[in-house]
Amino acid sequence: MKYRPHMSQPARTQPSDGNDTTPGSRRAAAQRLKMRRELAAAAMELFATKGYEATTVDEIAAAAGVARRTFFRHFRSKEEAIFPDHDDTLVRAEAVLDAAPAHENPLDTVCRGIKEVMRMYAASPAVSVARYRLTREVPTLREAEIASVARYERLFTRYLLGHFDEGAHREGNDDPLLAEVAASAVVTAHNHVLRRWLRAGAQGDVEAQLDHAFAIVRETFGTGIGAGRTPASPPPAATAAREGEVLVTVARTDAPLSEVMRTIQKALREHNSN
């Protein structure tokens with residue numbers, strides 16, 4: 001796969017919370033995240049004691065000490081309440097992509113970007129384990145989790161495709177396919193390591209496990225989809241064929257004249273010997 005070393009990103013119509021660095025905006029973003037986490041903690045506690053289906057939004061808001069309308073300023077539904085950090089983590093992952101050095105392989109950049117997701121889970125191991133167990137029990141929550149994962153995959157696929165050199169593309173070139181498959185592989189490797197870590201009760205060096213998984217992805221996709229294949233023999237520069245008493249020669253436009261002449265001479269010798 002041929003990548004552009006650097007490609008400017010399209011301007012956003014609105015700056016995201018994670019990219020606005022003014023003191024007021026940073027405070028607002030911190031307060032927003034704090035409120036989301038408090039609501040999520042209240043929801044998790046109620047889900048554990050009452051059950052997911054029996055818990056209402058009003059009960060979650062009351063347990064967090066806020067009004068119902070405050071809940072809906074932060075979450076669209078109660079299932080979203082147990083994923084309070086995904087929006088902010090997506091912003092941080094995108095910031096990693098945007099700030100990538102020009103010399104870095106885009107696949108390495110994507111691997112660094114998704115580490116922001118792992119760090120989100122590792123920051124609160126007990127909560128992450130409880131959330132994992134809950135999503136295994138409640139199909140609605142599992143669907144919400146799958147939707148969140150799909151957002152990361154779309155981000156990374158867009159990034160890899162954005163760094164694919166369209167000018168080098170030829171018919172039959174597999175690079176666009178490779179970009180999508182590679183992005184899926186990074187997300188799959190991350191999710192495999194994350195689930196294994198959560199099933200083990202959040203024990204072990206999860207970042208080291210993730211680095212090992214990414215090494216496998218890089219080995220598989222980092223050198224291009226055709227790596228390891230036996231290259232096809234290039235077509236001859238020139239060919240010659242007899243058509244009755246006429247010798248017809250076909251040559252590539254970039255064929256050296258000497259090669260064309262050798263082909264003609266060889267064909268004439270074969271004709272005369274017959």
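The values are calculated or read from the model by the stated rules, or taken from the named source; none is laboratory data. In this text the structure is predicted, and so the values were computed from the model without any measurement. Counting neighbours? That spans all protein chains shown, and the Cβs are built from the backbone with ideal geometry, glycine included.
Quick one: what pairs do we get from the range 61-87, first residue over 20 Å from ALA48 (Cβ atoms), second charged (D, E, K, R) and surrounded by fewer than 20 Cβ atoms within 10 Å (Cβ to Cβ), C-beta under 7 Å, 6+ apart or different chains?
Matching pairs, first to second residue: ARG68/ASP58.
Of everything in the range 64-102 that's part of a helix (DSSP H, G or I) and among the acidic types (Asp, Glu), which residue is surrounded by the most Cβ atoms within 10 Å (Cβ to Cβ)?
Among residues in the range 64-102 that are part of a helix (DSSP H, G or I) and among the acidic types (Asp, Glu), the one surrounded by the most Cβ atoms within 10 Å (Cβ to Cβ) is GLU94.
Sort out for me the helices (runs of 4 or more DSSP H) sitting completely within the range 108-216 that have 1 or more residues that are closer than 25 Å to ALA41 by Cβ, basic (Lys, Arg) and at pLDDT 90 or above.
Answer list for the range 108-216: 175-199.
Consider MET35 against the criteria (1) surrounded by fewer than 18 Cβ atoms within 10 Å (Cβ to Cβ); (2) farther than 25 Å from TYR152 by Cβ: it satisfies all of them except one. Which criterion is unmet?
Status for MET35: all satisfied but (2).
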